[in-house]
Every structure is written in structure tokens, then in C-alpha cells.
Amino acid sequence: MAAGKKSKKEKKAARKAAKKAKKEARRAAKEAARAAKLAAPKVVPEPAKVATQPARAAVKKPAKAAARTRAKAPAKAVSKPAKKAVQRPAKRAVAKPTKQVVKKRVARRSPAPPAPKARQQPESLRLRSAGPSFTVSDIEKSLVFYRDVLGFTLKERWEQDGALRGVELVAGKVSFWLGQDDWQKGRDRLKGQGFRIYCGTSQDVDAIADRVRAAGWALLEEPKDQPWGGRDFGLVDPDGFTLTISSGL
């Protein structure tokens, strides 16, 4: 082999060395650029400073304008409404009520409930309703009188062996009971003596009396005004029981 020519091995080794040197040069250049970037001082760009100036002006100018308007406004114009709005309502709320207001308040107050009365021992009888029961000689005839003449309503009837033995009659909130006499005490006993029942109504007493007369039944007492108040009339049922119909009860 001639002295001027390189062998294949030497050429190959030279190429590798050249590639390695290029890589190391590139790496060194990158590291130098990174170090220079880190070492360089940070500089705030000018547009940022310019952008902050309008914001400061926007904040300061309204405050200055408000201060100027406060300084120009007269002290009397501000103080008088404040006194009226704050002081006067406070005085009215704290002020004592007038005599008229006190009288109205006392009048509106409901009276104190009365103290409960001590109950009698033993307690007296207290009824909520009452109704007469008559033993009659002819229940069919008595039924016609109370229902058709006076105007009662038949509520219930009781029969035995097909015969009517008793009825319940209603007039408003009042009930009358009629029972057929079984004659065990004799057929000659008198009924209704020493007995009178007073019946109160809010209806026209004269109109009821006219109805009784129109049905062909005679009155015991004509309608008249009583000195204790109210107006009434009297009549007798078929068995001699006396009734007074009154508007004053």
C-alpha cells in the first residue's frame, strides 16, 4: 500500500470523529444560548406601562369629581333633610301617645273574661231539651189535630198488631209524643186537668190562629198582647190538654 493513500479503517474512523465533533459543537452552542438567556435581565415592555395609566386616571378622576361636588354643595341643604328624616320620626316614635289615642286603645281592648263561678255542690239540674208525652183516648183523632190543625210534622209511628199505638211529632226543634191509652186505669178518667204547656215561636201568632180557625177548631183564648211582652193565644186538644202559642217566649 502506498504511503499517500489511507486505508478503509482510517477513513471510517475519521468520519466518526468528525460526526462526534459536530454533535459536541451543537450541544455546546445550545448550552451557551440557554446560559445567555438566563443571564439576561428581564425588561418590562413599554405598552404595559402605557396600559396602566388610563386605569389610574379612571379611578382618580371620579373620586376628585365627587370631592369637588361635596365641597361645592351648601352645608344647610344637606343638613336640613337629614334632620327631618332622622330626628323627627325618632321623636314621634318615642313621644307619649295623646289622650285620644289612649282612649281608643283602651276601648279596643276586650274586657277581661269573668272569673268562673264555683259550681254548686251537688250540681243543679241543667237541661238541653224537653218535650211532652200525652196519653190520648183516640190517637188517630189527636194525630189529625196536631198534624193538620196546628201544623206538626209526623216523624215516626209505632204499631202493634196492625193498630197505631204511638207517634212522634216535630215542630221546629220541639218534639211531642202521643201514646194510645190502653184503658187499664179505666175509661172514665179525665185528662189534661191542671195542665198547660207554653210553646214559643218566632212566627206570626195571628197567622197560626187563623190556620186553626180555618181547620174548624175553636180557640180557647183569642190572640192578644201581654203586659210582660209578646202576643199569644190558647187552645185545647181533643183530650183537654191546654196549649198556649206565644211570640214572647
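It is to be established whether one or more residues within segment 118-138 are modelled with pLDDT of 95 or more and among the charged types (D, E, K, R).
Yes, segment 118-138 has at least one match.
Pick out the one residue from 141, 117, 185 that is of a type outside the set (S, T, N, Q) and not in a loop (DSSP other than H, G, I, E, B).
Values: 117 fails: not in a loop (DSSP other than H, G, I, E, B); 185 fails: not in a loop (DSSP other than H, G, I, E, B).
Just one listed residue meets the conditions, 141.
If residue 145 satisfies every condition in (1) under 22 Å from residue 203 (Cα atoms); (2) in contact with a strand residue (DSSP E or B) (Cβ under 9 Å, 6 or more places away or on another chain) but one, which is the exception?
(2)
Would you mind finding the one in 150, 154, 169, 164 that is among the aliphatic types (A, V, I, L, M) and over 20 Å from residue 211 (Cβ atoms)? Give the derivation first.
Details: 150 fails: over 20 Å from residue 211 (Cβ atoms); 154 fails: over 20 Å from residue 211 (Cβ atoms); 169 fails: over 20 Å from residue 211 (Cβ atoms).
Result: 164 is the single residue among 150, 154, 169, 164 that is among the aliphatic types (A, V, I, L, M) and over 20 Å from residue 211 (Cβ atoms).
Which residue out of 211, 231 is more than 13 Å from residue 247 (Cα to Cα) and modelled with pLDDT of 95 or more? Break it down stepwise before answering.
Working: 231 fails: more than 13 Å from residue 247 (Cα to Cα).
Of 211, 231, the one residue that is more than 13 Å from residue 247 (Cα to Cα) and modelled with pLDDT of 95 or more is 211.
Which one of these does residue 189 not meet: (1) free of Cβ contacts under 8 Å to residues at least 12 places away in the same chain; (2) touching an Asp or Glu at 6+ places or on another chain (Cβ under 9 Å); (3) over 25 Å from residue 160 (Cα atoms)?
Going through the list (1) free of Cβ contacts under 8 Å to residues at least 12 places away in the same chain; (2) touching an Asp or Glu at 6+ places or on another chain (Cβ under 9 Å); (3) over 25 Å from residue 160 (Cα atoms), residue 189 breaks only (3).
Among the residues of segment 155-177, which ones are touching an Asp or Glu at 6+ places or on another chain (Cβ under 8 Å) and of a type outside the set (S, T, N, Q)? Spell out how you get there, then give the answer.
Let us first name the residues in segment 155-177 that are touching an Asp or Glu at 6+ places or on another chain (Cβ under 8 Å), namely 155-157, 164-165, 167-168, 175-177.
Within segment 155-177, 155, 156, 157, 164, 165, 167, 168, 176, 177 meet the criteria.
The values are calculated or read from the model by the stated rules, or taken from the named source; none is laboratory data. All values reported here derive from a predicted model rather than from experimental measurement. Virtual Cβ from ideal backbone geometry, glycine too; neighbours counted across all protein chains shown.
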